[in-house]
Amino acid sequence: MNERIIGKNLVKVDARAKVTGRALYPDDLYFAEMLYVKVKRAVHPHAILRKLEISRAQQLPGVVKIITAADYPELNNFGLIIKDQPVLVGIGEKMRYLGDALAIVVAESKEAAGQALAQIRVEVEELEVIDDPRRAMEEQAPLLHPDGNILCRHQLNKGELERGLAAADLIIEQEYKTNRVEQLPLQPEAGVCVYDQETGVLKLWVATQWLHDTQADIAQALGIPPERVRIIQPVIGGAFGKREDISVHIHLALAALATRRPVKLTYTREESMITQSKRHPMIIRAKSGATRDGYLTAWQVEIIGDTGAYASSGPAVVHKGLYHCTGPYNVENVRGIAYTVYTNNTYSGAMRGFGATQLAFAYESQIDILAHRLRIDPARFRYQNAYRPGSSTPNGQVLTDSVNVRETIKEAVQMSNWPGGVEL
Amino acid sequence: MQIRLTVNGEERVVETTATTRLLDLLRTDLKLTGTKEGCGKGECGACTVLLNGQLVASCLLLAPQADRAEIITIEGIGSAEGLDPIQESYLEAGAVQCGFCTPGMILASKKLLEENPRPTVEEIRRGLSGNLCRCTGYHKIIAAVRLSAQKMADKGEGKDE
Ligand code: FES
Ligand code: FES
């Protein structure tokens with residue numbers, strides 16, 4: 001065979017279907033007798049549900065079924081790493097952010113489902129809303145989850161921080177904050193579910209990033225074996241980390257089970273923004289030391305990652321941020337601690353970079369400040385501290401292959417006509 | 001209520017309501033699901049169609065506003081035999097990733113090239129400014145529009161000879 005693939009431009013397999021409008025995304029699927037689902041969301045970011053009055057909504061024309069936690073007392077919580085997220089909030093239970101689900105409305109049309117949502121009456125007992133992770137970490141702060149507001153702590157120790165600080169001619173300490181970021185794939189969450197009564201299998205067409213984890217999570221939440229859940233991946237309208245979490249899946253499954261008819265649930269953009277994950281906002285305290293001739297000797301960080309109401313991928317994201325605390329720069333003495341903290345904000349999860357992105361803001365700023373204060377060209381300062389083969393990362397991994405950051409800096413300096421015109 | 005409209009060259013009579021959006025009429029009643037909903041608020045351009053030759057956000061129009069109108073959706077671009085040069089260019093330039101913005105982008109590109117067959121990069125950016133893409137970073141979409149202009153010019157010259 002002499003067909004060459006490498007170095008050739010190939011047309012994506014599904015591109016033709018996409019340019020002609022024939023590619024089928026989950027919201028493009030229609031089944032006979034299909035019903036439409038909408039979800040009644042929390043009315044307060046932190047409150048106990050006292051009353052849920054659905055009888056008026058239930059009587060509206062076109063409404064087929066309204067499902068609440070009382071209908072399915074055996075449901076289990078779900079979640080990517082920790083099962084801390086309820087499928088539905090029951091009476092006497094807590095809503096922890098504005099995306100929590102209180103009731104599932106199934107109706108003959110989207111409009112009828114929407115009207116029913118407006119007729120559901122909710123009474124709650126309001127609790128203190130914790131929107132700042134620092135407040136969540138205080139001793140007397142109300143607990144969002146029974147095991148405390150600090151979901152996890154990760155630590156890092158390389159070399160001897162004190163020795164590194166003692167060797168430094170200049171030490172700077174700064175605090176950085178990054179924002180919550182929405183991944184915003186262009187297609188809002190959507191799905192269709194068909195319950196096959198003969199085989200007992202729930203067939204779900206939902207765009208999702210972790211097909212098998214999602215299948216297992218849906219099954220355990222419903223208390224059924226995974227082989228009774230089949231996920232068929234339609235065309236995905238972007239993901240960027242946001243489709244790692246459960247969204248429409250379990251609510252669709254319940255609606256299909258309760259009505260025995262095909263059901264569709266499509267989020268509005270607002271619903272997508274309020275209910276589904278975000279990039280973690282982080283508070284990063286960094287202390288860095290360097291010698292007069294511009295070599296880093298010590299680096300200390302404390303990271304607080306706001307994971308919002310539920311864990312999602314939070315523990316892994318914030319942990320990864322910690323490992324990237326010095327970026328591509330070699331430091332022999334590093335100490336760090338990272339806290340993943342619950343708040344009443346929309347939960348945070350995966351987004352491109354998975355925690356590494358936030359830290360870049362802190363370490364690149366530290367590098368610039370140090371270079372400026374030491375009167376060393378910032379490109380040179382980066383170049384002489386950058387990893388080379390044999391360097392080790394803050395978590396002790398020795399780098400052997402593909403350590404090209406110095407070459408990259410060199411080329412960037414040339415290509416950008418860097419005004420310092422440094423000789424590297 | 002009943003409305004009458006021409007969609008992709010075909011006359012259609014549809015039973016609808018005064019509050020149905022044109023987007024829902026196309027997607028749900030006519031099953032033309034190539035037109036997408038990204039925001040429902042006129043922000044993203046995924047629902048773009050041509051109405052009497054004008055680019056419109058079909059999420060912002062009510063179905064009765066399309067009574068007697070002529071509508072072109074992505075399904076009306078190209079033919080059974082082959083793709084339109086714009087569609088071909090999107091394929092060849094690698095301008096399609098998740099594809100959710102693509103139908104709207106192609107219609108906006110078509111309108112732009114009809115009005116300005118040789119747009120500059122700046123004019124392309126302006127022409128597509130009503131359409132968001134979250135995947136590509138736009139570079140390849142701009143390349144696709146430039147390639148389309150080239151292909152259409154080559155075809156035009158071919159005809160003259
Ligand atoms: S869906 Fe119409 S502009 Fe976004
Ligand atoms: S290709 Fe995904 S939004 Fe443009």
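The values are calculated or read from the model by the stated rules, or taken from the named source; none is laboratory data. From a predicted model like this one, the values you see are computed outputs, not experimental measurements. Virtual Cβ from ideal backbone geometry, glycine too; neighbours counted across all protein chains shown. The protein model used for the area step is the full one, side chains on, heavy atoms only, and it has no ligands, DNA or RNA in it. Shrake-Rupley method; radii C 1.70, N 1.55, O 1.52, S 1.80 Å.
Checking the structure you have, find out if any residue of the range A:226-243 is within 16 Å of ligand 1 (Cβ to nearest atom), open to solvent by less than 10 Å² (accessible area, probe 1.4 Å) and without any contact (Cβ under 8 Å) to a residue 60 or more places away in the chain.
yes
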request  = Find all pairs meeting these conditions: Cβ atoms under 8 angstrom apart; at least six residues apart or on different chains; first residue within the range A:29-40 and aliphatic (A, V, I, L, M) and surrounded by fewer than 18 Cβ atoms within 10 Å (Cβ to Cβ); second residue modelled with pLDDT of 95 or more and in a strand (DSSP E or B).
outcome  = A:Met34/A:Val192; A:Met34/A:Val263; A:Met34/A:Lys264
inquiry  = Please verify whether B:Thr73 is touching a residue at least 40 places away in the same chain (Cβ under 8 Å) and facing chain A (nearest Cβ under 10 Å), treating the condition exactly as stated.
reply    = yes
ask   = Being open to solvent by less than 40 Å² (accessible area, probe 1.4 Å), within 11 Å of chain A (Cβ to nearest Cβ), part of a loop (DSSP other than H, G, I, E, B) and within 17 Å of A:Val19 (Cα to Cα), is that true of even one residue in the range B:110-129?
value = no
task = Kindly indicate which of A:Ala360, A:Ala338, A:Ala371 is among the aliphatic types (A, V, I, L, M) and either part of a strand (DSSP E or B) or buried (at least 24 other Cβ atoms within 10 Å of the Cβ) (or both).
result = A:Ala338
task = Taking only the range A:265-281 into account, find how many residues are in a helix (DSSP H, G or I) and more than 10 Å from chain B (Cβ to nearest Cβ).
result = 4
message = From the list A:Arg292, A:Arg352, exactly one residue is surrounded by fewer than 24 Cβ atoms within 10 Å (Cβ to Cβ), under 22 Å from the mean Cα position of the chain (by Cα) and assigned to a loop (DSSP other than H, G, I, E, B). Which is it?
response = A:Arg352
task = Answer yes or no: is there a residue in the range A:126-137 that is over 20 Å from A:Ala309 (Cα atoms) and touching a residue at least 60 places away in the same chain (Cβ under 8 Å).
result = no
inquiry  = Of all residues being touching a residue at least 24 places away in the same chain (Cβ under 8 Å) and either more than 8 Å from chain A (Cβ to nearest Cβ) or open to solvent by 30 Å² or more (accessible area, probe 1.4 Å) (or both) in the range B:25-44, which is farthest from B:Glu75 (Cα to Cα)? Just the residue, please.
reply    = B:Glu43
ask   = Say we look at the range B:1-42 and pick out the residues that are over 14 Å from the mean Cα position of the chain (by Cα) and in a helix (DSSP H, G or I); which of these is farthest from A:Pro26 (Cα to Cα)?
value = B:Leu22
request  = Take A:Gln209 and decide whether it is part of a loop (DSSP other than H, G, I, E, B), surrounded by fewer than 20 Cβ atoms within 10 Å (Cβ to Cβ), within 16 Å of ligand 2 (Cβ to nearest atom) and touching a residue at least 12 places away in the same chain (Cβ under 8 Å).
outcome  = yes
task = Select, from A:Asn385, A:Asn330, A:Asn395, the only residue that is at pLDDT below 95 and under 18 Å from A:Lys287 (Cα atoms).
result = A:Asn395
Breaking point among (1) open to solvent by 10 Å² or more (accessible area, probe 1.4 Å); (2) part of a loop (DSSP other than H, G, I, E, B); (3) within 14 Å of chain A (Cβ to nearest Cβ), for B:Val96 = (1)
key: Hey, A:Thr259 polar (S, T, N, Q), away from every other protein chain (no Cβ under 14 Å) and over 22 Å from the mean Cα position of the chain (by Cα) or not   = yes
